[in-house]
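Undergrad: Could you have a look at this structure, given as structure tokens, before my questions?
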Amino acid sequence: MRQSTPSLPRLLTAPLRLVPNIVHSTALGVALSRLFALLVRDGELDFLQDRVLRIAIEDAGIEYRLTKSRGRLVAVDRQQPVAASISGTLYDFLLLATRREDADTLFFQRRLRMEGDTEVGLMVKNLLDGLEYSLPHVPEPIQSAGERAVAFCERFVVRP
């Protein structure tokens, strides 16, 4: 039985659905390539070479599809087969990104779910588990924006 998770009201997530998924994926790919530049350079994301990771934000009705190509993370369209998929709510991904919750807790509580290729899924989970150590110096403006986003979400999040 799946545990219910906190989510945002559809009215607040509606603007996100107006943007095509390829635009979401491209923006996230550029941002993560910059943020994870050292990890990409050191080969930590090689498991995504020619494999597609789908990130689904369920309450916002959007998804990202990324792969590693030409030494960076790039967006791919929906026609590409997915190797693994991680899904959850916008709030839970923000908690993960701001390190308010760790990946193990969110997976154990079934607030984040992984499907698909076991090897790719395990590599993604290990990457998420190690973010605190592999990204010790996230630029302050990004940290601040993440904290403001979490605070905003906490005002409106619908809890089960």
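Undergrad: Which of the numbered conditions does L128 fail, given that it passes all the others? Conditions: (1) open to solvent by 40 Å² or more (accessible area, probe 1.4 Å); (2) modelled with pLDDT under 80; (3) in a helix (DSSP H, G or I).
TA: Answer for L128: the failing condition is (1).
Undergrad: May I pose another question? Given (1) surrounded by 15 or more Cβ atoms within 10 Å (Cβ to Cβ); (2) in contact (Cβ under 8 Å) with a residue 24 or more places away in the chain, identify the lone condition not met by V19.
TA: Unmet condition: (1).
Undergrad: Right, A84: touching a His at 6+ places or on another chain (Cβ under 9 Å) and over 23 Å from A149 (Cα atoms) or not?
TA: Criteria not met by A84.
Undergrad: Quick one: what pairs do we get from segment 59-72, first residue at positive phi and in a loop (DSSP other than H, G, I, E, B), second open to solvent by 30 Å² or more (accessible area, probe 1.4 Å) and not small (G, A, S), C-beta under 9 Å, 6+ apart or different chains?
TA: G61/R10; G61/L16; G61/R17; G71/R41
Undergrad: Step by step: first the residues of segment 73-89, then only those that are among the small types (G, A, S) and touching a residue at least 40 places away in the same chain (Cβ under 8 Å), then the one that is most open to solvent (accessible area, probe 1.4 Å). Which residue is that?
TA: Residues of segment 73-89 that are among the small types (G, A, S), as a first pass: 75, 83-85, 87-88.
Within this subset, residues satisfying the condition of being touching a residue at least 40 places away in the same chain (Cβ under 8 Å) are 75, 84, 88.
Values: A75: 31, A84: 1, G88: 0 Å².
Step by step, filter segment 73-89, then rank; the result is A75.
Undergrad: Still on this model: Could you grab me the full set of residues in segment 32-58 that are surrounded by fewer than 19 Cβ atoms within 10 Å (Cβ to Cβ), part of a loop (DSSP other than H, G, I, E, B) and touching a residue at least 12 places away in the same chain (Cβ under 8 Å)?
TA: E44, D50, E58
Undergrad: Among (1) farther than 26 Å from L8 by Cβ; (2) in a helix (DSSP H, G or I), which single condition is F93 missing?
TA: (1)
Undergrad: Quick check on this structure: which one of T26, T67 is open to solvent by 60 Å² or more (accessible area, probe 1.4 Å) and under 16 Å from the mean Cα position of the chain (by Cα)? Show your work before the answer.
TA: On the way: T67 fails: open to solvent by 60 Å² or more (accessible area, probe 1.4 Å).
Checking each option against the conditions leaves just T26.
Undergrad: Give all pairs with beta carbons closer than 7 Å in which a residue from segment 96-118 that is in contact (Cβ under 8 Å) with a residue 60 or more places away in the chain meets a residue that is acidic (D, E) and open to solvent by less than 60 Å² (accessible area, probe 1.4 Å); count only pairs at least 6 apart in sequence or on separate chains.
TA: Listed by first residue and then by second, the contacts come to R111/D92.
Undergrad: Can you find, within segment 90-118, the residue that is surrounded by the most Cβ atoms within 10 Å (Cβ to Cβ) among those that are more than 19 Å from A27 (Cβ to Cβ) and polar (S, T, N, Q)?
TA: Only one residue fits best here, namely T105.
The values are calculated or read from the model by the stated rules, or taken from the named source; none is laboratory data. For clarity, every value in this text was computed on a predicted model and none was experimentally measured. Positions of Cβ are generated from backbone atoms using ideal geometry, with glycine treated the same way; all protein chains shown enter the neighbour counts. All accessible areas refer to the heavy atoms of the entire protein, side chains included, with ligands and DNA or RNA removed. Shrake-Rupley method; radii C 1.70, N 1.55, O 1.52, S 1.80 Å.
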